[in-house]
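The values are calculated or read from the model by the stated rules, or taken from the named source; none is laboratory data. The structure presented is a predicted model; accordingly, all values stated were derived computationally and were not measured. With ideal geometry, Cβ positions are generated from the backbone for all residues, glycine too; neighbour counts draw on all protein chains shown. Accessible surface areas use protein heavy atoms only, side chains included; no ligands, DNA or RNA. Shrake-Rupley method; radii C 1.70, N 1.55, O 1.52, S 1.80 Å.
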Amino acid sequence: MGLSERERFTRCAFGQDIDMLPVQCDFSGRGLKHFLNGKGISRVSDLELLPFFENHVLYAYMNGAVLKMKTKDFHGEAYVYDEWGCKWDTSQDLFYCNHPIENWEDYEKYEFPDPYAPGYLDYAEGLVKEYGKRYIVTSYHFCCLFERAYILRGFENVLMDFYEEEELLTQLLDRITDFHVELAKRYISIGVNCGRTVDDYGSQTGMIMSPDMWRRFIKPRLAKIHAVYRNAGLPIIHHSCGNITQIIEDLIEIGVSVLNPVQPNVMDLQQLARDYGDRLSFFGGICNQKVLPFLSPQEIQENVRQVRNILGAHGRYIISPSNGIGPDVPMENVEAYFQAAKKYRRL
């Protein structure tokens, strides 16, 4: 069939015939720096991975703190502030350390960011122009709804807000949603070929909030963001860590075509494949907590084979680690994973 990476991923996302399964090897920021430095490369960028891995997806990061965190380009700064006024510790991967609206008294004077700020999507626009014809260049709605609310307010505060401050929380979530709807429109205008929202709803054992609470506060707002990409005919990736099995049907309903990261240590892969494999594509599944750091290269190859056979039963699977590979994964295990991914991607 001879498909490009973009064509193969898109067809996989929509459940259409493909020549082979897409593959991806993503790293955490620190993991990426560790891997590239081991290859003698000082520049930290997803683009530097392309000579080593047959990746299909490139991420159109927003300029500012997100791009800095993903490239480790801090120029000696101990902390960076994102466009929401949230503070991030540069010594760690994605570790926030303040809450700009911890007290509701600060809400009225809080200044929301502008999705149309000059230069905000300069990196994304350059990525689309250079790589968008061949690769999936996806939007990057970082800390989208629930996560942004609790970074702004504090985790425990938001959980209490669901019950005690519904009106104020609704206002806050609506403003966050409005930002991401406009950001999605702007991403479409520069030519991204996939939508991606990032919002964690699960823990290792289940949902952080009840499914009913999620359906009431999060689902209709996430649907508004996804509608921008659905109306443009693009596939949609949603990233949520943890066990979110209880809301997968809802995610499919609002347009999610690709679920990421599919953590095998907290979700039942057999059940996922059985219940949703003909309607949803899976992106992840190779455990970066227990498999990639600790098993032998031979065991990793066998794990990739097993997971591919389960999640790829309907041909709707992107072989990938269940989250970004960290610096704790030995180089030989990274290589073993990718060699196995290439071996078992054939349909």
Exercise. Dimensions of region 158-220 along principal axes (Cα, Å, largest first)?
Worked result: 40, 29, 15
Seminar exercise, completed: Expressed in angstrom, Rg and Dmax over the Cα atoms of region 1-51 are 14.4, 40
Problem set entry | Positive minus negative residues near Val137 (Lys, Arg vs Asp, Glu; Cβ under 13 Å) | +1
Exercise. How many times 2.2 N^0.38 Å is the alpha carbon radius of gyration of the chain?
Worked result: 0.95
For this session: Kindly express, to the nearest 10 degrees and within the range 0 to 90, the angle between helix 297-311's C-alpha long axis and the longest C-alpha principal axis of the chain.
Result: 70 degrees
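Based on the Kirkwood radius over alpha-carbon pairs, what is the Stokes-Einstein translational diffusion coefficient of region 183-312 at 4 °C with 1.567 mPa s viscosity, in µm²/s? It would help to have the intermediate numbers written out before the result.
On the way: Rh = 15.6 Å.
Diffusion coefficient, whole number: 83 µm²/s.
Can you give me the convex hull volume of the Cα atoms of region 135-252, divided per residue and expressed in Å³?
Working: hull volume 11.9 nm³, N = 118.
Given the Cα convex hull of region 135-252, per-residue volume reads 100 Å³.
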For this session: Could you run the Karplus curve 6.51 cos²θ - 1.76 cosθ + 1.60 with θ = phi - 60° over region 285-296 and give me ³J(HN,Hα) per residue in whole Hz, x for Gly and Pro?
Result: x, 8, 5, 9, 9, 10, 8, 4, x, 10, 7, 6
For this session: Under a cut-off of 21 Å between alpha-carbon atoms, report the lysines in cross-link reach of Lys72, not counting same-chain residues fewer than 8 places apart.
Result: Lys33, Lys39, Lys87
For this session: Report, in deg cm²/dmol and to the nearest 500, the calculated mean residue ellipticity at 222 nm for the chain, where each DSSP H run with n ≥ 4 adds -39500 (n - 2.57) and the sum is divided by the residue count.
Result: -12500 deg cm²/dmol
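Give the peptides 245-254, 71-80 in descending order of average Cβ contacts within 10 Å, highest first. Don't skip to the end; give the middle numbers.
Details: 245-254: 16.9, 71-80: 12.8.
Going from most to least packed, we get 245-254, 71-80.
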Exercise. So what are the ³J(HN,Hα) numbers for region 50-56, from phi and the Karplus equation (6.51, -1.76, 1.60; θ = phi - 60°), rounded to whole Hz, Gly and Pro as x?
Worked result: 4, x, 9, 10, 8, 5, 10
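In whole Å and largest first, what semi-axes does the C-alpha gyration tensor of region 77-216 yield when each eigenvalue is scaled by 5 and square-rooted? Don't jump to the answer; show the numbers that get you there.
Values: eigenvalues 154, 65, 51 Å².
Semi-axes from the Cα gyration tensor: 28, 18, 16 Å.
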For this session: Just the number, please: Stokes-Einstein D of region 256-347 in µm²/s, Kirkwood Rh from C-alpha pairs, 20 °C, 1.002 mPa s.
Result: 166 µm²/s
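How charged is the neighbourhood of Tyr61? Take every other residue with its Cβ under 10 Å from the Cβ of Tyr61, and add Lys/Arg as +1 and Asp/Glu as -1.
Working: positive: Lys68, Lys70; negative: Asp46.
So the environment of Tyr61 carries a net charge of +1.
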Seminar exercise, completed: Regression test value, accessible area per residue of the chain, probe 1.4 Å, units Å², expected 41 Å²
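With +1 on each Lys and Arg Cβ and -1 on each Asp and Glu Cβ, how big is the dipole of the chain about its Cα centre, in debye rounded to the nearest 20?
On the way: 37 positive and 47 negative charges, 333 e Å.
The calculation lands at about 1600 debye.
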For this session: Run the accessible area of the chain with a 1.4 Å probe and give the carbon-and-sulfur part as a rounded percent.
Result: 46 percent
For this session: Using only the Cα atoms of region 1-99, each taken as one equal point scatterer with no solvent, compute I(q) by the Debye sum, divide by I(0), and report log10 of the ratio at q = 0.18 Å⁻¹.
Result: -0.88
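Where the eigenvalues come from the Cα gyration tensor of region 40-89, what are the semi-axes √(5λ) of the equivalent ellipsoid, largest first, in whole Å?
Numbers: eigenvalues 118, 39, 8 Å².
Semi-axes from the Cα gyration tensor: 24, 14, 6 Å.
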